[in-house]
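Asks: Before anything else, here's the structure in question.
The values are calculated or read from the model by the stated rules, or taken from the named source; none is laboratory data. These numbers come from a predicted model, not from an experiment. Neighbour counts run over all protein chains shown; Cβ positions are idealised from the backbone, glycine included. Just so you know, the surface numbers come from the protein's heavy atoms only, side chains and all, with ligands and any DNA or RNA stripped out. Shrake-Rupley method; radii C 1.70, N 1.55, O 1.52, S 1.80 Å.
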Amino acid sequence: MKAPAFAYVKPASLDEVFALLDQYGDEAKILAGGQSLIAALNLRLAAPQVLIDITGLRELAGISVSGGKVRIGALTRHRELETSSEVRRHLPLIAQALPHVAHLAIRNRGTFGGSIAYADPAAELPACSLALDAQFVLMSASGARHVPARDFFKGLYETELRAGELLVSAEFPVLQHGYRSAFRELARRHGDYAIVGLAAHAKVDGAALADVQLAFFGVGATPVLARNAAGPLEAKGLPALNEAQQALEADLAPFDDINATAELRMHLARVLLGRVTAELLAGA
Ligand SMILES: Cc1cc2nc3c(=O)[nH]c(=O)nc-3n(C[C@H](O)[C@H](O)[C@H](O)COP(=O)(O)OP(=O)(O)OC[C@H]3O[C@@H](n4cnc5c(N)ncnc54)[C@H](O)[C@@H]3O)c2cc1C
């Protein structure tokens, strides 16, 4: 199928973007990497009057580190994140996750901001943002606001972005001493969206785990922090793995679809929790 007709604008400044968003409201769509949006247009799942192409706004791209934070601009492409030495050093969870995001050709075009704003429940970067307690910077004509990733994902493809707002960047705390990350997902083929995935981050001291952040994805309408499962691991470490796996029942509400039943998803989530816990503790 072909996309319905739309107008196309490529603004030269953020002010121009905000003026267009105010003018067109719901009838406008931001175009970043186009890897999800163009498919949605071609399938006629969206029919905006105008596409606002932000790819000319280079101030929205890039990775920088200062004041204990890593800032990732919304237009930073997946491939740039994947190959960044600063991301490997300060955000190893994101470095581990990136090779699982789609395929190389898509990672060459797709952007960090596009993935966050699109909010696919099986996407890797929203879950990493939850596990690492990122803040998103949302900007409109009336100014900027910071929204924690933990408050941003509202429902299936639904976010805290309001009419007139653009996601301009994300801020992540740099990796603290003693913290480790582990990332695993199960997909039909490498590069497909995950059936179930887990992005984890924790403080590791010998066999002890503290501040355990377990962000599951592919198991609900949004990525989910499994707080009930984290408790036993923080209290007793690896010997409490079985208890933590059982506690996932209280954290996750998986669903059936053509890829897996809810029951299989819960089983896979438990398997991933076991693998990720072992990986966090390995060599510590
Ligand atoms: C075959 C295939 C497989 C894929 N597999 C995966 C996968 O395994 N994991 C995964 O995470 N992704 C996957 N993707 C999606 C890919 O990562 C996309 O790049 C990403 O979802 C969207 O990024 P984009 O820059 O292409 O955004 P676009 O397609 O340009 O935009 C997506 C949506 O976000 C909005 N938007 C974009 N940027 C902003 C912004 N700065 N502020 C506000 N709104 C904005 C757009 O208006 C649109 O609604 C896959 C895509 C394809 C085609």
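Asks: Can you give me the long-range amide H partners of residue 69? Hydrogens built in the peptide plane at 1.01 Å from N, cutoff under 5 Å, separation of 5 or more residues or another chain.
Replies: Correct list: 174.
Asks: Suppose R0 equals 45 Å. What FRET efficiency, 1/(1 + (r/R0)^6) with r the Cβ-Cβ distance, do residue 188 and residue 16 give to the nearest 0.05?
Replies: Working: r = 42 Å, r/R0 = 0.93.
It comes out at approximately 0.60.
Asks: For the stretch 213-279, what is the accessible area per residue in Å² when the probe is 1.4 Å? The partial results should precede the final answer.
Replies: Values: 2980 Å² over 67 residues.
So the stretch 213-279 comes to 44 Å² accessible per residue, rounded to a whole number.
Asks: Could you compute the net charge surrounding residue 163? Neighbours are other residues with a C-beta less than 10 Å from the C-beta of residue 163; K and R count +1, D and E count -1. Don't skip to the end; give the middle numbers.
Replies: Values: positive: 162; negative: 22, 26, 165.
Once all neighbours under 10 Å are counted, the net charge is -2.
Asks: Once you put a point 7 Å from the Cα of residue 27 and another 7 Å from the Cα of residue 46, both along the Cβ direction, what distance in nm separates them?
Replies: About 1.7 nm separates the two model spin labels.
Asks: Cα atoms only: what Rg and Dmax, in Å, come out for the stretch 225-284?
Replies: 12.2, 39
Asks: Okay, next question. Excluding residue 16 itself, calculate the net charge of residues whose Cβ lies under 12 Å from the Cβ of residue 16, where each Lys or Arg counts +1 and each Asp or Glu counts -1. Let's see the in-between values first.
Replies: Numbers: positive: 10; negative: 15, 22, 53.
So the surrounding residues net to -2.
Asks: Taking only protein heavy atoms into account and a 1.4 Å probe, give the accessible area per residue of the stretch 7-53 in Å². Mind dumping the intermediate values first?
Replies: Working: 2480 Å² over 47 residues.
Computed with neighbouring chains in place, this is 53 Å² per residue.
Asks: Suppose a student asked you for the relative contact order of the chain, using Cα pairs under 8 Å spaced at least 6 residues apart; what percent would you report?
Replies: Values: 614 pairs, mean separation 42.3, N = 284.
Once normalised by length, the contact order is 15 percent.
Asks: Could you order the peptides 138-147, 214-223 from most to least packed, using the average number of other C-beta atoms within 10 Å per residue?
Replies: Details: 138-147: 14.4, 214-223: 25.3.
Descending packing order for the listed peptides: 214-223, 138-147.
Asks: From the helices alone, meaning DSSP H stretches of at least four residues, give me the mean residue ellipticity at 222 nm for the chain, per-run term -39500 (n - 2.57), in deg cm²/dmol to the nearest 500. If you can, show how the numbers build up before the last one.
Replies: Values: 12 runs with 100 residues, N = 284.
Mean residue ellipticity, 222 nm, calculated: -9500 deg cm²/dmol.
Asks: Also, quick follow-up: Give the angle, between 0 and 90 degrees and rounded to the nearest 10, that separates the Cα long axis of helix 262-281 from the longest principal axis of the Cα atoms of the chain.
Replies: It works out to around 70 degrees.
Asks: To continue, here is another question. Give the separation of the Cα centroids, the stretch 236-284 to the stretch 139-153, in Å.
Replies: The two parts, judged by their Cα centres, are 31 Å apart.
Asks: Here is a follow-up. Put 111, 55 in order of accessible area, largest first, 1.4 Å probe: what do you get? Intermediate results must be reported in sequence, preceding the final value.
Replies: Details: 111 5, 55 25 Å².
Result, largest first: 55, 111.
Asks: Considering only protein heavy atoms and a probe of 1.4 Å, how much of the accessible area of the stretch 80-155 is carbon and sulfur, as a whole percent?
Replies: Details: 1400 of 2760 Å².
C and S fraction of accessible area: 51 percent.
Asks: Could you give the length gained by full extension between residue 242 and residue 144, i.e. 0.36 nm per residue of separation minus their alpha carbon distance, to one decimal place? Intermediate values should be presented prior to the final figure.
Replies: Numbers: separation 98, 0.36 × 98 = 35.28 nm, distance 4.40 nm.
Contour length minus Cα-Cα distance gives 30.9 nm.
Asks: Using the eigenvalues of the Cα gyration tensor, what equivalent ellipsoid semi-axes result for the chain when each is taken as the square root of five times the eigenvalue, whole Å, largest first?
Replies: On the way: eigenvalues 226, 90, 50 Å².
Calculated on Cα positions only, the semi-axes equal 34, 21, 16 Å.
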